Amino acid sequence: MYASREDIGYDFGDDSKVGSKPIKPNSNIDGGWAWMIVLSSFLVHILIMGSQMALGILNMEWLEEFNQSRGLTAWVSSLSMGITLIVGPFIGLFISMCGCRKTAIIGGILNALGWILSAYASNVHYLFLTFGVTAGIGSGMVYLPAVVMVGQYFQKRRALAQGLSTTGTGFGAFLMTALLKYLCTEFGWRNAMFIQGAISLNLCVCGALMRPLSPKDVVSEKYVVRSSSEDNQAKALSHSAETIKSNGVLSEELEKKEETTNEEVLDSVQHKEIGGKSRSGRNMYGLRILKTVSQLTVTVRKGFAIWYSSYFGAASLFTNRVFVAFIIWALFAYSSFVIPFIHLPEIVKQYNLSSQNNIFPLTSIIAIVHIFGKVILGIISDLPCISTWNVFLMANFTLVTCILTLPLMQTYLSLAVVCALIGFSSGYFSLMPVVTEDLVGIKHLANAYGIIICANGISALFGPPFAGWIYDITHKYDFSFYISGLLYMVGIIFLFIQPCIQKKQPREKSTEEAQV
């Protein structure tokens, strides 16, 4: 059922054959600077995802300031959160051209600019552009590199590393809520956004910590030893892997031809520069500009070629059927996690549980247990006898069961238990980059995970309004849980049956060959 990156990945050179000599791994893989990458990603989650979880404080200030409807004002925060994830595929293009470090630094500047410009907003529509779009794109440019870099630096403890880094979302929700509430009380919401913009410049520091690995270190990651259980499960998708492998070789040959041509162009430019030393300084300056432009053109063309081939070329990610099923799952998953936060206050009010909920809010139970769920699921997934894919599926089944049964709970204790299970099982978010890397390989992690978070962004953008629309029609919150839960279950079924289909195909093929 489970496929590792060696079987479904896109690194298909001759060195992948059995018996080839392993390359000595970098000491920073699974240690050393890798933990600084985890710290950087942790801070990114605090400053980006934590801030977005705390936007309810600013939303109340905007309602009072601009006197607009709740639905229109809510689109500001929805746009910011949705665009952060939806721009994932395009951020993959930036990463292919510039690398994670430069992309994150530029994103940090853009995110801070969005916060600062929003301090001068005169209406809600102004916030759509400055905070929803500008800050949202900047957040996406930092978020995706933060996840990808952790995947590059860790192999043996990938799930734990991703779990530790993504706990920044939970800590950030508490820290940024308290910070924004204090700043709005003391200085007003405009000055609070200006100060938050200055704080967001620390994202540039986080980006500077994302030191890239050398190509040989990335290649050497293919020699990580896997457990026997993962080897057996990886055979399920060998049929589709062969197809992607052949396509991947063709694309790599085309890339090599382009690189050779580009190198010849650069060599000719350098030759002209040397021969022109005796000429005037103006000609030398022109040659240097030409050389810089040529190098930039080569970098852009190479990055775009990798990005284009990942989505539309012969080695497209969409030739991997399990990855396509993963995308379908992502379209329904995120909204199901958000809906309890929307309707829990109404459930509490309906069953007269406000006094107990004020002591320890149910949403806080979800947030706190969510932090522990990410770490614990990461530790379990890194055990040699445990499959990350199976842990991922079990967590999803637990979460969808809780979503479907939550409307049936009528006491605070029963609701608290279900909310705790929702928080723990939703810790599978930290396993999403690990599963994605195992499906497509580290080389295409940025583009592949960009597609996944884009699907999550669509779910986050339209899920809450859809839940509100259902409530307006039925006047019952129950149907929001049931419909979203059933859609979520459809996505999980796609994840479950697709590997089984892939596993059956090679067996049928071998039977036909035996008969012949």
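Can you give me the solvent accessible area of Val76 with a 1.4 Å probe, rounded to the nearest 10 Å²?
The value for Val76 is about 0 Å².
Just reorder Cys98, Cys454, Cys385, Cys206 by solvent-accessible area, largest first, 1.4 Å probe, all chains present. Please report the intermediate quantities before stating the final value.
Numbers: Cys98 55, Cys454 25, Cys385 100, Cys206 5 Å².
If we order Cys98, Cys454, Cys385, Cys206 from most to least accessible, we get Cys385, Cys98, Cys454, Cys206.
Please work out whether segment 310-506 counts as rounded, prolate or oblate from its C-alpha gyration tensor, where a ≥ b ≥ c are the square roots of the eigenvalues and a/c under 1.5 means rounded, while otherwise a/b larger than b/c means prolate and anything else oblate?
Working: a/c = 2.30, a/b = 1.70, b/c = 1.35.
Prolate is the answer for segment 310-506, as a/c is 1.5 or above and a/b outweighs b/c.
Need one number: nm distance between label points at Tyr120 and Asp472, each 7 Å from Cα along Cα→Cβ, rounded to one decimal.
So the two model labels end up 3.5 nm from each other.
Give a residue-ordered list of calculated ³J(HN,Hα) values for segment 155-168 (Karplus: 6.51 cos²θ - 1.76 cosθ + 1.60, θ = phi - 60°; whole Hz; x for Gly, Pro).
10, 6, 10, 5, 5, 5, 4, 5, x, 5, 5, 6, 5, x
Taking a threshold of 30 Å on the Cα-Cα distance, which of the pairs Lys102/Lys181; Lys102/Lys374; Lys374/Lys476; Lys156/Lys181 fall above it?
Values: Lys102/Lys181 32 Å; Lys102/Lys374 28 Å; Lys374/Lys476 32 Å; Lys156/Lys181 41 Å.
Beyond 30 Å between Cα atoms: Lys102/Lys181; Lys374/Lys476; Lys156/Lys181.
Kindly identify segment 26-213 as rounded, prolate or oblate by the Cα gyration tensor criterion: order the square roots of the eigenvalues as a ≥ b ≥ c, call it rounded if a/c is under 1.5, otherwise compare a/b with b/c, prolate if a/b is larger, else oblate.
Prolate shape, in that a/c is at least 1.5 and a/b is the bigger ratio.
Using the beta-carbon distance between Phe479 and Leu39 and R0 = 45 Å, what value does 1/(1 + (r/R0)^6) give for FRET efficiency, to the nearest 0.05? Can you show the working numbers first?
Details: r = 43 Å, r/R0 = 0.96.
FRET efficiency, Phe479 to Leu39: 0.55.
So, with +1 on the Cβ of K and R and -1 on the Cβ of D and E, and no other charges, what is the size of the charge dipole of segment 24-182 about its Cα centre, to the nearest 20 debye? Don't skip to the end; give the middle numbers.
On the way: 8 positive and 4 negative charges, 134 e Å.
The dipole magnitude comes to about 640 debye.
Mind ranking 79-91, 179-191, 394-406 by how tightly packed they are, going by the mean number of other C-beta atoms within 10 angstrom, highest first? All intermediate terms of the calculation are to be shown ahead of the outcome.
Numbers: 79-91: 23.5, 179-191: 15.7, 394-406: 19.5.
Highest to lowest by the protection proxy: 79-91, 394-406, 179-191.
Explain nothing, just compute: Karplus ³J(HN,Hα) = 6.51 cos²θ - 1.76 cosθ + 1.60, θ = phi - 60°, for every residue of segment 367-373 in order, whole Hz, x for Gly and Pro.
Values, residue by residue: 5, 5, 5, 4, 5, 5, x Hz.
Given points 7 Å out from each Cα along the Cα-Cβ axis, report the Leu290 to Thr401 separation in nanometres with one decimal.
7.0 nm
The values are calculated or read from the model by the stated rules, or taken from the named source; none is laboratory data. Since the model is a prediction, treat every value here as computed from it, not as a measurement. Cβ atoms come from the backbone with ideal geometry, glycine included; neighbour counts cover every protein chain shown. Keep in mind that these areas ignore ligands, DNA and RNA; they rest on the heavy atoms of the full protein, side chains included. Shrake-Rupley method; radii C 1.70, N 1.55, O 1.52, S 1.80 Å.
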